[in-house]
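Contents: one structure, followed by commentary.
The values are calculated or read from the model by the stated rules, or taken from the named source; none is laboratory data. Nothing here was measured: the structure is a model prediction, and the numbers come from that model. Note that each Cβ is placed from the backbone with ideal geometry, even for glycine, and that neighbours are counted across all protein chains shown.
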Amino acid sequence: MTAREGNHTAKLVSFDKYLDIAHKIHQPLIVEIKVSKYDSKNMLDVFVNKYGEKLLHHHDAVHSLDYRTVYELKRRMPQLKVGYILPFNVLGVPKSAANFYSVEYSTLNDDFIRDAQRQHKGVYTWTVNRSLSMYGDLSMGVNGIITDNGAKLNKIIEKYHSKRTYTYRLLALMLHSYR
C-alpha cells in the first residue's frame, strides 16, 4: 500500500514485517491497539495468539486508550507489559490493571508521576517533539518519552545525562513549566 499526505508518499509494510525488522535491530516497541466498533468480537484473541509471545519475548509493551482492552490483555497475558493511554490528566492516577500510563504531555505533572510511582506504575509521555518539553519531562522522571523525532530525543537524553548539575535540572524544570 502507498500512503499519501500532501505532496509526500510512502510505501507501507505489514505489521508482521515491521515487527520482524524492529526485533532484528533490537528496537523496543510500544504497540498501540486502537479499538473501534468495527472490530471483530475475537480481535483480542487473534492479537494475543498471533503476537503475544513474540512481544513478550522481545520485551515489548502494548497500550490502548480503551480500558477494557487493557484489562483483557492483562487477564489473558499477565506477564505482558500493558499500558493505559490517558488523553488528559485531570483526576490523577487511576487504579487499574495497567503496568504503565501513557499521558498526553501538556497535562502531565510531578504529582501524577509521584502517585504512579507509589503504585509501582510507569509513566510515558506523548507526543513530545519540542526540546524544552523533552528536558522538562526528563527532569520530572518519566519512564519514557513518545516522540516523532527519535534522533532529537536521543541527543536531548545524552545532553541531559551529561549535565545533571543542580542548576541545569532547575533550568530544565523552569523551561518545562513554559511548554
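Summary of values
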item: Tally, over the range 70-111, of residues that are in contact (Cβ under 8 Å) with a residue 60 or more places away in the chain and under 26 Å from V46 (Cβ atoms); result: 1
item: Positions within the range 80-100 being closer than 17 Å to I30 by Cα, in contact with a helix residue (DSSP H, G or I) (Cβ under 6 Å, 6 or more places away or on another chain) and not aliphatic (A, V, I, L, M), in sequence order; result: Y84
item: Subset of the range 62-79 (residues that are in a helix (DSSP H, G or I) and not aliphatic (A, V, I, L, M)); result: Y67, R68, T69, Y71, E72, K74, R75, R76
item: All positions within the range 45-67 that are more than 24 Å from G144 (Cβ to Cβ) and either surrounded by 15 or more Cβ atoms within 10 Å (Cβ to Cβ) or basic (K, R) (or both); result: K50
item: Condition check for D39: part of a helix (DSSP H, G or I) and not aromatic (F, W, Y); result: no
item: Qualifying residue in the range 112-128 (condition: in contact with a Leu (Cβ under 8 Å, 6 or more places away or on another chain), free of Cβ contacts under 8 Å to residues at least 40 places away in the same chain and farther than 24 Å from S36 by Cα); result: yes
item: Residue list for the range 1-36, filter: assigned to a loop (DSSP other than H, G, I, E, B), touching a Leu at 6+ places or on another chain (Cβ under 9 Å) and surrounded by 13 or more Cβ atoms within 10 Å (Cβ to Cβ); result: L29, I33, V35
item: First in the range 53-65 and over 8 Å from K81 (Cα atoms), second anywhere and at pLDDT 95 or above and in a helix (DSSP H, G or I), Cβ under 6 Å, 6 or more apart; result: H58/H23; S64/V70
